[in-house]
Amino acid sequence: MKRVFNVIKCIILIIVVFLSTNRNDNFESYVKNDNLNKTVDLSQMALKVSEFNYDLLYSAKDTYTGDLTGYAYNCPLCNGHLACLSKYNIMDGTVTYEDKDYGVVNIVASSANLPCGSIIRFNSSRISSTPVYAIVLDRGVLGTAIDFLSESEEYASKYIGRSKITYDVLRKGWETPSYAS
């Protein structure tokens, strides 16, 4: 009996030692750079570069008031292609665009007041109960009006119609990253 008890104690001791040496601690580590020549820890630098300030990304750069209307790829003056991205075909019913910073956003037409690639945010209960994010990829309106690309002219006239909106410009054009300070 004493021998069995000693064997069990040894097995338990081995298991405890094994578990304590193979334990994965998930503690945050902070790097202190004490070297005199100030070399850079590339992994820490990559983490810093990848930090993203979402407050800057979604803060308004400008605010405008204008008319919101709707249109479709087959409108009387449309050719099924967007003015800002002529090779982007919308004749298949595409009404959204995948933006690298903002994800999937709706497509709108604007005047030249907003550069191509500008991101706007507005509220319209006719379109959504949540804020609508859209990218300027087309032209054809005047002033501060916004023309919302929809799947058909019937949908545009029935559900969007014409209304006054106030919209925020989150990014002005392609070249200006909205998260730059």
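A few remarks follow.
- Just so you know, in region 143-153 the residues that are under 19 Å from HIS81 (Cα atoms) and not β-branched (Val, Ile, Thr) include one that is surrounded by the fewest Cβ atoms within 10 Å (Cβ to Cβ), and it is GLU151.
- Residues of region 80-113 satisfying the condition of being farther than 19 Å from THR63 by Cβ, in a loop (DSSP other than H, G, I, E, B) and not charged (D, E, K, R): GLY80, LEU82, ALA83, CYS84, LEU85, SER86, TYR88, ILE90, MET91, GLY93, THR94, VAL95
- Residues being surrounded by 15 or more Cβ atoms within 10 Å (Cβ to Cβ) and of a type in the set (Gly, Ala, Ser) are entirely absent from region 160-171.
- Residues of region 97-116 classified as within 20 Å of TYR73 (Cβ to Cβ), surrounded by 14 or more Cβ atoms within 10 Å (Cβ to Cβ) and out of contact with any Asp or Glu (no Cβ under 8 Å at 6 or more places or on another chain), total: 5
- LEU77 meets the conditions (1) among the aliphatic types (A, V, I, L, M); (2) surrounded by 17 or more Cβ atoms within 10 Å (Cβ to Cβ); (3) farther than 16 Å from ARG171 by Cβ in every case but one. The failed one is (2).
- Hey, VAL17 of a type in the set (A, V, I, L, M) and either touching a helix residue (DSSP H, G or I) at 6+ places or on another chain (Cβ under 9 Å) or at pLDDT below 75 (or both) or not: yes
- Meets criteria (outside any loop (DSSP other than H, G, I, E, B) and closer than 14 Å to TYR64 by Cα) for TYR167: yes
- Residue among SER29, SER110, SER59 that alone is among the polar types (S, T, N, Q) and modelled with pLDDT under 80: SER29
- Of all the listed residues (LEU68, LEU82), the sole one being at pLDDT 95 or above and touching a Lys or Arg at 6+ places or on another chain (Cβ under 9 Å) is LEU68.
- Restricting region 125-172 to residues that are small (Gly, Ala, Ser) and in contact with a Leu (Cβ under 8 Å, 6 or more places away or on another chain), the residue that is farthest from ASN113 (Cα to Cα) is SER163.
- Yes/no for ILE135 being assigned to a strand (DSSP E or B), farther than 16 Å from ASN74 by Cα and free of Cβ contacts under 8 Å to residues at least 40 places away in the same chain: yes
The values are calculated or read from the model by the stated rules, or taken from the named source; none is laboratory data. Owing to the predicted nature of the structure, the values given are computational and were not obtained by experimental measurement. All Cβ positions, glycine included, derive from the backbone under ideal geometry; neighbour counts span all protein chains shown.
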